[in-house]
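Nothing in this text is a laboratory measurement; each read-out follows from the coordinates by a stated rule. Source: prediction; values computed, not measured. For neighbour counting, all protein chains shown are included, and Cβ atoms are generated from backbone atoms with ideal geometry for every residue, glycine included.
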Amino acid sequence: MLAPLSWAEVSETCVEGLGEQSLSAHIAACEAALTQSSKSDRLKVLLSLANLALKKRDYPLVTQYLEQARGARGFEQDIAAKYRYYRLLGLLHWYQKQLDIAQGHLLQARDLAEQLKDPALYAKSLNELGVIESARGQHKQALNFLQQSLHIKQSLKDDFGSAVSLSNIGLAHLRMEAYEDAERFYLEALQHYGRYTAAHPDDQQAWHSLTHLYEDLTLLYSRYQKPEKSAEYATLLIQQYRELLSADEQVRVLATLASTQMNAKQWSVAETLLAQMESLLLASPGIQQPTALLVLARFKQHQQQWSSAQGFAEQARDLAKAQQLLEHEASAWRLLAEVAQQQQRDSQALAHFQQYLQLREQFLAARYDQELGVLRQNLVREHLQRQLAETQAINEQQSAAIHRLTAYVLASLLLLLMTVSGAGVVVYRKRQQQQQLQQEIAQHRQQLLLLQADHQATNDTEEEAPTAESMASASDPSPPFKRQLVEAMISCIELWEKATQTNRVELADRSKIWTVTIDDGRLRTRSMDKYLSLDKLPAHPRWRNVVQTCHYVLAECPLSPEDRARLNSKLDAIMNSLRAQALAN
């Protein structure tokens with residue numbers, strides 16, 4: 001009879017690798033090692049097998065190995081093994097889109113990591129909990145978990161772990177449509193990945209994670225109206241995704257690529273990508289992704305295949321609701337509304353659009369939560385502090401090197417240091433400008449929230465009757481004041497259309513300040529339109545709506561300094577007129 005293998009021999013045989021072909025080989029080698037391992041090592045081998053099966057997305061096999069591991073000798077006494085067990089169980093349910101169940105198991109894993117006093121494992125658990133909360137639309141909880149995870153990983157000088165947490169913070173901001181902040185964290189993650197992969201070029205897990213970052217950047221720049229950047233990262237994504245990702249992940253990547261091509265009006269390229277995606281879906285019927293179904297529905301809508309578009313959108317809606325994906329459910333309702341409108345089914349279109357607006361309102365309420373805003377500001381401030389610390393560290397290293405050089409070299413480096421210092425001043429000033437802009441945006445958002453809380457808009461009518469509020473604030477508006485309101489609204493719409501490449505209907509829809517109606521199958525903004533002409537302006541205009549609109553555009557649009565100053569001046573003129581009228585009364 002053969003003697004049992006030592007754990008060192010078992011772990012050398014049972015290697016955890018990546019790639020579909022290598023995974024099968026590793027599982028076979030690991031199962032062979034299981035038969036020769038000692039009873040005390042059996043639990044470790046079973047957990048390694050469960051991890052390998054999870055990477056292969058063989059969920060029944062994962063369940064089988066985990067059940068055997070739970071029944072193995074020493075399980076209840078081995079805290080490290082229990083941590084791995086509950087983490088793998090949580091990831092298993094996560095991959096199967098059972099988010100509530102996954103969260104419960106991952107919380108248990110986090111508590112066990114705390115008992116182990118292992119900061120790396122604790123940070124990993126926090127990161128995974130943050131990702132689940134982000135997927136569920138719980139942005140405040142997500143950022144809390146991810147921020148804690150990032151702090152620990154940075155204290156451990158963990159480039160790879162920091163990159164993962166930063167990427168997930170970027171993804172949370174992407175889901176909140178905070179594109180500028182998402183870009184900031186994604187690019188910082190990219191720097192960490194660059195350092196790590198340069199030092200560990202053979203780490204396939206790092207390249208796998210980097211591919212996901214390329215996918216997120218492709219999607220970000222597509223939504224952020226930066227097509228060149230989107231195409232740049234799409235090229236990097238195409239080069240790597242086939243070799244590194246599972247079939248489930250490849251479907252998601254192809255959906256992202258097809259969506260960006262459709263945004264760029266490259267419909268033939270998108271059709272080729274969607275054909276590849278549908279082949280993968282047919283080969284793997286267990287894959288359930290609302291994103292893929294939404295992209296297919298959108299493509300069928302372009303082809304005017306209304307029945308297919310509606311079918312895919314309804315499937316996406318039901319699947320997103322089951323998986324608690326609020327953003328995707330809202331997108332599905334909006335697509336259904338568009339399809340119904342294009343088929344002149346107006347009442348159905350209105351019903352679908354109202355469902356979309358309800359979900360959109362929930363999303364915006366979560367996004368503009370005051371505590372979430374403070375947390376986001378803290379994350380941005382920490383990001384800037386990290387950049388400053390890195391700059392200071394570089395400067396300190398340069399200073400230390402200067403002291404070791406000869407007088408001749410010292411003089412040369414002093415000259416270089418002056419140049420670097422000059423550049424540092426420029427960078428510092430730019431950062432100050434960025435911080436000032438961020439503070440201004442935060443102030444506009446705060447003013448917008450205060451105005452919304454102070455004044456609840458009444459229903460629009462064809463002839464707006466004076467209210468007690470309007471009579472109190474502007475009993476007899478002067479012609480100059482009316483002209484200021486009209487000019488401010490015209491500027492708001494011009495800058496909104498310039499910055500977002502959308503129309504006034506989208507402004508009214510997103511801001512929730514103005515009413516959107518459906519008339520003859522078309523979306524209209526009748527109440528807003530009255531404020532674009534002195535002739536149509538109501539006798540007692542709702543100046544608060546105009547002021548809220550100015551604050552919203554200043555807070556949400558990436559404006560040039562000139563455009564921002566122009567709109568600020570019009571807003572100041574309105575406020576000065578109101579103050580003068582208040583003093584006169």
#### Entry: Local electrostatic count, Gln108, Cβ distance below 10 Å [Lys/Arg +1, Asp/Glu -1]
+2
## Note on the structure
Kirkwood radius from Cα pairs of the stretch 44-200 plugged into Stokes-Einstein at 25 °C, 0.890 mPa s, gives D in µm²/s equal to 151 µm²/s
## Note on the structure
The relative contact order of the stretch 479-584, taking Cα pairs under 8 Å that sit 6 or more residues apart, comes to a percentage of 34 percent
### Query
Hey, which of these cross-link pairs are over 28 Å Cα-Cα: Lys140/Lys570; Lys226/Lys536; Lys97/Lys300; Lys226/Lys512; Lys97/Lys498; Lys97/Lys124?
Lys140/Lys570; Lys226/Lys536; Lys97/Lys498
#### Entry: Theoretical gain in end-to-end length, Val505 to Asp203 [0.36 nm per residue, Cα-Cα removed]
103.9 nm
### Query
For the stretch 170-283, what is Rg from Cα atoms divided by 2.2 N^0.38 Å, rounded to two decimals?
1.07
### Query
What is the local net charge at Glu128, summed over the other residues whose Cβ is closer than 14 Å to its Cβ (Lys, Arg +1; Asp, Glu -1)?
+4
### Task
Mind jotting down the distance between the C-alpha centroids of the stretch 309-324 and the stretch 548-566, whole Å?
36 Å
#### Entry: Loop sites in the stretch 152-211: trypsin sites (Lys or Arg not before Pro), DSSP, at most 13 other Cβ within 10 Å
Lys157
### Query
Under a point-charge model restricted to the Cβ atoms of Lys and Arg (+1) and Asp and Glu (-1), what is the dipole moment magnitude of the stretch 496-560 relative to its Cα centre, in debye to the nearest 20?
180 debye
### Query
What value does the stretch 479-584 have for Rg/Rh, both radii from Cα atoms and Rh as Kirkwood defines it?
0.97
### Summary
Given the candidates Ser533, Ala555, Ala499, the one whose Cα lies deepest towards the positive end of the charge dipole of the stretch 479-584, counting +1 at each Lys or Arg C-beta and -1 at each Asp or Glu C-beta, is Ser533
### Task
Can you list which of the trypsin sites (Lys or Arg not before Pro) found in the stretch 67-102 are DSSP loop residues with at most 15 other C-beta atoms within 10 Å?
Arg73
### Query
Under a plain spin-label model, where a point goes 7 Å from the Cα along Cα-to-Cβ, how far apart in nm are Glu494 and Asp572?
1.9 nm
